[in-house]
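What follows draws every value from the coordinates through simple rules; no lab data is involved. Worth saying up front: this structure is predicted, and the values here are computed from it rather than measured.
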Amino acid sequence: MYNVVLKLHSYWAYLVLLVLIIAVINALIKVFGDKEYEAKDFRISLFTLIVSHIQLLIGLVLYFVSPRFELWSELGGGVMKDSLSRLYLVEHPLVNIIAVALITIGYSKHKKKLTSKAKLKPLAVFYSIALVLLLSRIPWSIWLA
């Protein structure tokens, strides 16, 4: 089960990154180009919200079925001393939960606005910060290998 969830989490991450990058670029172009908010923008932001939440759920399942999870009981506070264990057990989950929360906040804030610029600005800001956070905590050396 672990290997299946790990593969799903890894491949779904490509989709999340692709959709989030599209959403960020779309929002930034529209904000700085003073363009109108359209139904397409709503669909892009909603799809980004959905795929990121699915990734979070897959990640939470992976976290608890992972053999690394047992390191908490074996190492205790020693998890923080080992950089790879800290990345997988603390930094990656925590930062990515924050990133998904920012995507959710940006989506929620944009729905309450009435004008195009006011709708696009929270998407651009919150989704951009979420993208930077996600990119910062991906275990690149393992993921790209």
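Summary of values
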read-out	value
Out-of-range pairs (alpha-carbon distance over 27 Å; input Lys40/Lys112; Lys81/Lys109; Lys7/Lys112; Lys30/Lys113; Lys7/Lys117; Lys30/Lys111)	Lys81/Lys109; Lys7/Lys112; Lys7/Lys117
Cα-only Debye scattering, the chain: base-10 log of I(q)/I(0) at q = 0.17, 0.18 Å⁻¹	-0.90, -0.97
Separation between Cα centres of region 1-31 and region 80-145, rounded to whole Å	11 Å
Residue with peak Gaussian network fluctuation, the chain [Cα springs, cutoff 10 Å], from Pro122, Pro93, Pro67	Pro67
Mean residue ellipticity (222 nm) of the chain, computed from DSSP H runs ≥ 4 via -39,500 (n - 2.57), nearest 500	-26000 deg cm²/dmol
For the chain: relative contact order, % (alpha-carbon pairs under 8 angstrom, 6 or more apart)	32 percent
Principal axes of region 1-66: Cα extent on each, largest first, Å	48, 15, 13
